[in-house]
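Asks: Mind looking over this structure? Questions follow.
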Amino acid sequence: MYQPSELEPRWQEEWRLNGSNRTKSPNPGQEKFYALSMFPYPSGTLHMGHVRNYVITDVIARYQRMLGKCVLHPMGWDAFGLPAENAAIERRVNPETWTEMNIKQMKGQLNRLGLSIDWDREQTTCKSDYYKWTQYLFLELYKSGLAYQKKAIVNWDPVDQTVLANEQVDSEGRSWRSGAIVEKKELKQWFLRITKYADELLFDLNNLKGWPEKVKSMQENWIGRSEGTEFDFKVTGKDIKITVFTTRADTIYGVKYIVLAPDNNLVDQLVGTEFQESINTFRQTVANMSIQDRTSDEKPKIGQYIGINAINPVNGEEIPIWIADYVLKDYGSGAVMGVPSHDKRDFNFSKKYNLGYKQVITKSIQINESAEKEELFTEKGVLIDSDKFTGLESKIAIESITNLSQKEGWGRSKVQYKLRDWLISRQRFWGCPIPIIHCKKCGSIPEDVENLPIELPNLEILNSQKTSLADIDTKWIKVKCPICNSQARRETDTMDTFMCSSWYYLRYTDPKNNNKAFEKSEADKWLPVDQYVGGIEHAILHLLYSRFFTKALSSRGLLKSKEPFKRLLTQGMVQGVTYRNSKNGKYINPDHISDKSNPIDPETNDAIEVIYEKMSKSKNNGVDPSIVIDKYGADTTRLFILFKAPPEKDLEWNDSDVEGQNRFILRIWKLVHNYIQDTNDQLESSKNLTTENYVDNLSSIEESVIKAVNTAIKEITNDLTDDYQFNTAISELMILSNNLQENLSKVRIKIANQAIHSLVLLLAPFAPHISEEFWKMLGKSESVHEQKWPSYDSEALKSKAYKLVIQINGKVRGSLDVPTKANKSELEKIGLNNDITKKWIQEKEPKRIIIVPGKLINIVI
């Protein structure tokens with residue numbers, strides 16, 4: 001009887017004792033394979049999204065190991081961050097204690113899945129033996145000029161009381177973690193100069209052939225490279241110029257106004273006292289808006305004239321200077337030129353404030369055409385009303401006008417990016433300390449490497465008022481300056497947790513090294529990661545930062561690879577059945593609904609809509625993996641999570657589908673177990689099942705079994721190569737098992753034995769426990785996971801016969817089964833001497849016979 005509750009823990013312990021999952025050094029000439037899942041935050045509870053991620057990676061790792069490759073499949077914990085800090089404050093415990101407890105619990109849950117993880121290489125980012133090297137790598141970046149501190153307007157989360165990077169603010173201007181509306185503050189912060197690698201990060205996307213196009217497109221848009229021209233507009237009556245950037249230099253003759261960001265430093269230099277009060281009011285209005293609202297094309301724009309004008313350098317026209325919400329201080333120069341006739345946003349803004357229009361581009365030059373008409377034309381075309389450039393096509397005009405501006409000193413070619421330097425300062429205590437000392441005399445001084453790690457102070461007694469290191473331990477802050485020996489202080493900001501996760505894949509390659517973050521030779525041996533698996537929500541944050549880190553460290557000579565991840569699989573979400581009151585949006589606990597067929601809100605009696613949404617505690621739609629494993633076993637859970645949907649698509653959890661996979665497992669158990677019991681004395685070694693030894697004396701059923709086995713090997717191999725299709729691979733296993741269920745007793749023992757061996761080997765990556773049990777029952781002493789992946793016999797895939805279509809005078813009259821090897825002469829005899837042909841030609845002599853081997857015979861009478 002199949003009892004996964006006994007079988008699975010037994011094999012998990014066996015694998016642990018034997019060190020089955022321990023990474024071995026590659027043999028000479030042996031190919032390596034680095035399989036990696038994005039490591040989890042130790043929340044304490046494993047959810048189905050985790051299960052899907054780690055099972056996918058495990059199948060890939062097990063398959064690659066059976067291909068004979070040396071596989072690295074490690075795991076660790078992204079353990080710093082606000083959730084642990086907030087939980088520690090709430091429970092008045094040390095966040096490290098809380099984190100370690102959660103890790104222990106989650107590690108036990110992960111092990112129940114039968115994952116082939118090398119736990120000897122486990123890393124935890126909040127442990128000093130890890131963050132020592134995060135600090136070391138920060139110093140490497142500091143030495144190379146990539147880490148710096150400056151005052152900046154930053155995103156401030158008023159709930160979590162910390163700064164956020166631009167990437168951590170969502171499209172509605174809310175914190176990615178707390179959901180609070182983000183505020184703006186000016187603070188002195190630490191940044192990493194990711195912009196220095198903007199072109200590399202952009203252009204090298206072309207080399208990432210194994211990445212989803214969607215992820216590459218998201219990174220490309222975030223980097224936002226634009227080639228264009230900078231123009232200088234002089235301010236009337238002042239020795240000040242305003243520099244603007246544009247990709248459409250051909251429209252400069254159509255400029256009707258200049259717009260500055262409200263907080264652009266030039267504004268205070270330009271505004272007279274009569275405008276100051278209204279400008280300040282306007283600034284406050286804009287300060288309360290999110291970046292997304294300010295820049296969204298869907299939101300109406302607001303602006304204000306500041307009482308002074310500028311001069312268009314190309315034609316000397318005087319144009320007004322405005323401030324508006326849609327211009328951002330830290331993008332470009334914080335100023336843009338308004339061309340209402342050739343930009344939709346400018347068109348609407350000009351219409352709202354009556355700033356006028358001037359068309360200078362058209363599809364073709366029209367005689368007596370009015371340039372002042374209120375018309376929008378955003379395409380490139382031919383210039384009109386543009387002095388000596390009139391008649392030029394836009395592409396030529398852009399180059400010509402840019403050349404003129406450079407020659408006359410009021411413009412230049414320019415490449416601009418949306419990408420901003422990475423803000424890594426966080427005003428929280430549960431993070432990696434920044435290894436910098438501040439001295440009033442000597443300035444900011446990096447810690448000596450010999451002093452690392454700079455460990456966190458005592459975090460035993462916490463409360464919600466103490467959110468940063470500056471609040472917790474004043475003794476820890478005080479330190480002597482390493483240069484002048486006077487009183488100095490430590491940096492009290494901690495690093496963004498993405499600093500820790502931007503290099504963890506490197507530490508796995510050399511996890512026990514006490515002298516270096518990693519040995520270059522070890523990192524070069526394993527990098528890049530061959531297959532990385534995780535959610536698409538990390539497309540910009542983690543994945544972009546990791547690419548930057550790898551390139552920066554490669555530039556420092558610390559590793560060879562310039563990209564961290566060769567192939568990327570972004571698995572879809574796991575969705576659960578969700579009950580929601582459509583009137584008030586409230587999610588209802590399904591345990592509180594008495595009739596699931598006609599669900600009613602127990603509080604309001606409103607009808608409830610039943611939908612699928614991402615599993616979440618707040619939506620009461622989560623499924624505890626432990627409960628599923630308790631009921632069905634890990635192998636059933638793995639098969640369901642793989643079979644239900646292609647890996648990149650969202651998966652809808654359904655209990656009946658889980659039961660379906662359990663029935664499949666039970667059928668295989670019965671098939672293999674009964675076969676072994678019936679043939680125990682005749683079990684033979686496992687070899688690939690080919691037609692080589694049976695060419696002349698195979699029965700049709702034996703041919704069917706041999707073809708089914710080889711078809712399954714071919715299809716499952718294809719499904720585990722390149723574009724992973726685990727769902728169709730499991731479908732192939734079902735087809736094969738059905739064939740064997742029907743035919744195994746009807747074939748010779750040698751064929752049956754080899755078919756069963758092949759089935760178990762093919763099942764092994766997907767259901768490792770039951771496969772291992774089968775392998776032992778087959779009399780094997782070594783693990784099934786150490787066996788060679790089966791290869792298929794292409795000859796066995798060929799059919800012995802095919803349907804030959806019979807045509808009479810070009811019309812189909814029937815078909816016949818004919819041997820695949822039949823030549824034209826044999827086909828002619830078969831085609832003429834059968835009941836179908838005789839019925840239609842009767843006594844008539846054929847005038848012509850046309851034969852297309854493998855397809856048809858056409859008899860012309």
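Asks: Return the residue satisfying two criteria in turn: it lies in the stretch 232-255 and is part of a loop (DSSP other than H, G, I, E, B) and open to solvent by 10 Å² or more (accessible area, probe 1.4 Å), and of such residues it is farthest from P313 (Cα to Cα).
Replies: Checked the stretch 232-255; the qualifying residue farthest from P313 (Cα to Cα) is T247.
Asks: Considering only residues that are open to solvent by less than 30 Å² (accessible area, probe 1.4 Å) and touching a strand residue (DSSP E or B) at 6+ places or on another chain (Cβ under 7 Å), which ones fall in the stretch 204-225?
Replies: G210, W211, V215
Asks: For I153, work out the one condition from (1) under 18 Å from D421 (Cβ atoms); (2) of a type outside the set (G, A, S); (3) outside any helix (DSSP H, G or I); (4) free of Cβ contacts under 8 Å to residues at least 60 places away in the same chain it doesn't fulfil.
Replies: With (1) under 18 Å from D421 (Cβ atoms); (2) of a type outside the set (G, A, S); (3) outside any helix (DSSP H, G or I); (4) free of Cβ contacts under 8 Å to residues at least 60 places away in the same chain applied to I153, the lone miss is (4).
Asks: Looking at (1) in contact with a Ser or Thr (Cβ under 9 Å, 6 or more places away or on another chain); (2) outside any strand (DSSP E or B); (3) open to solvent by less than 10 Å² (accessible area, probe 1.4 Å), which one does T509 not meet, given that it meets all the others?
Replies: That leaves (1) as the condition not met.
Asks: Within the stretch 386-399, can you find the residues that are of a type in the set (S, T, N, Q) and either in contact with a helix residue (DSSP H, G or I) (Cβ under 6 Å, 6 or more places away or on another chain) or modelled with pLDDT under 95 (or both)?
Replies: S386, S394
Asks: Quick one: L192 ticks every box in (1) within 18 Å of D493 (Cα to Cα); (2) open to solvent by 20 Å² or more (accessible area, probe 1.4 Å) bar one, so which box is it?
Replies: (2)
Asks: Working only within the stretch 512-521, note down all residues that are within 29 Å of the chain's Cα centre (by Cα), open to solvent by less than 50 Å² (accessible area, probe 1.4 Å) and of a type outside the set (F, W, Y).
Replies: A517
Asks: Hey, among the residues in the stretch 697-720 that are over 22 Å from L671 (Cα atoms) and at pLDDT below 95, which one's farthest from the chain's Cα centre (by Cα)?
Replies: Out of the qualifying residues, it is N697.
Asks: Out of all the residues in the stretch 233-247, is one or more aromatic (F, W, Y) and modelled with pLDDT under 95?
Replies: Checked against the condition, which is being aromatic (F, W, Y) and modelled with pLDDT under 95, the stretch 233-247 yields no hits at all.
Asks: Right, next: Given T195, T229, which one is among the β-branched types (V, I, T) and under 30 Å from G316 (Cβ atoms)?
Replies: On inspection, the qualifying residue turns out to be T229.
Asks: Oh, and also: Please give the number of the condition G557 fails out of (1) over 30 Å from L527 (Cβ atoms); (2) without any contact (Cβ under 8 Å) to a residue 40 or more places away in the chain.
Replies: (1)
Asks: Can you run down the residue pairs with Cβ atoms below 7 Å, 6 or more apart or on separate chains, where the first is in the stretch 257-270 and of a type in the set (F, W, Y) and the partner is open to solvent by 10 Å² or more (accessible area, probe 1.4 Å) and assigned to a loop (DSSP other than H, G, I, E, B)?
Replies: Y257/L355
Asks: From the set of residues in the stretch 315-366 that are touching a residue at least 24 places away in the same chain (Cβ under 8 Å) and basic (K, R), which is nearest to V271 (Cα to Cα)?
Replies: K329
Asks: If a residue must be touching an Asp or Glu at 6+ places or on another chain (Cβ under 9 Å) and in a helix (DSSP H, G or I), how many such residues does the stretch 202-216 contain?
Replies: 4
Asks: Looking only at the stretch 588-645, how many residues end up being under 19 Å from L7 (Cα atoms) and of a type in the set (S, T, Y)?
Replies: 4
Asks: Given the criteria out of contact with any Cys (no Cβ under 7 Å at 6 or more places or on another chain), of a type in the set (D, E, K, R) and buried (at least 21 other Cβ atoms within 10 Å of the Cβ), does D496 qualify?
Replies: Spelling it out, D496 is indeed out of contact with any Cys (no Cβ under 7 Å at 6 or more places or on another chain), of a type in the set (D, E, K, R) and buried (at least 21 other Cβ atoms within 10 Å of the Cβ).
Asks: Kindly indicate the residue of the stretch 831-861 that is within 23 Å of P819 (Cα to Cα) and among the polar types (S, T, N, Q) and also least open to solvent (accessible area, probe 1.4 Å) among those meeting that condition.
Replies: For the stretch 831-861, the residue satisfying everything is T837.
Asks: Still on this structure: Select, from L113, L141, the only residue that is buried (at least 18 other Cβ atoms within 10 Å of the Cβ) and either of a type in the set (F, W, Y) or outside any helix (DSSP H, G or I) (or both).
Replies: Just one listed residue meets the conditions, L113.
Asks: Right, next: Could you tell me which residue of the stretch 599-625 is nearest to N111 (Cα to Cα), considering only residues that are open to solvent by 30 Å² or more (accessible area, probe 1.4 Å) and polar (S, T, N, Q)?
Replies: That would be S616.
Asks: Quick one: P564 ticks every box in (1) in contact (Cβ under 8 Å) with a residue 12 or more places away in the chain; (2) open to solvent by 10 Å² or more (accessible area, probe 1.4 Å); (3) not aromatic (F, W, Y) except a single one, so which number is it?
Replies: Condition (2) is where P564 drops out.
Asks: So, of the residues in the stretch 626-671 that are free of Cβ contacts under 8 Å to residues at least 40 places away in the same chain and small (G, A, S), which turns out to be surrounded by the most Cβ atoms within 10 Å (Cβ to Cβ)?
Replies: G660
Asks: Now a separate question. How do the pairs read when you match residues in the stretch 283-302 that are touching a residue at least 40 places away in the same chain (Cβ under 8 Å) and on the phi > 0 side of the Ramachandran plot with residues anywhere that are open to solvent by 50 Å² or more (accessible area, probe 1.4 Å) and assigned to a helix (DSSP H, G or I), using Cβ under 8 Å and keeping only pairs 6 or more apart or on different chains?
Replies: No pair meets every condition.
Asks: Would you mind stating whether T578 is polar (S, T, N, Q), in contact with a helix residue (DSSP H, G or I) (Cβ under 9 Å, 6 or more places away or on another chain) and farther than 23 Å from L208 by Cα?
Replies: yes
Asks: Can you work out which of the residues in the stretch 156-175 that are part of a helix (DSSP H, G or I) and open to solvent by 10 Å² or more (accessible area, probe 1.4 Å) is farthest from S546 (Cα to Cα)?
Replies: Looking at residues that are part of a helix (DSSP H, G or I) and open to solvent by 10 Å² or more (accessible area, probe 1.4 Å), I get N166.
The values are calculated or read from the model by the stated rules, or taken from the named source; none is laboratory data. Keep in mind the model is a prediction, meaning the values are calculated, not measured. Positions of Cβ are generated from backbone atoms using ideal geometry, with glycine treated the same way; all protein chains shown enter the neighbour counts. Just the protein is used for accessible areas: all its heavy atoms, side chains included, with ligands, DNA and RNA removed. Shrake-Rupley method; radii C 1.70, N 1.55, O 1.52, S 1.80 Å.
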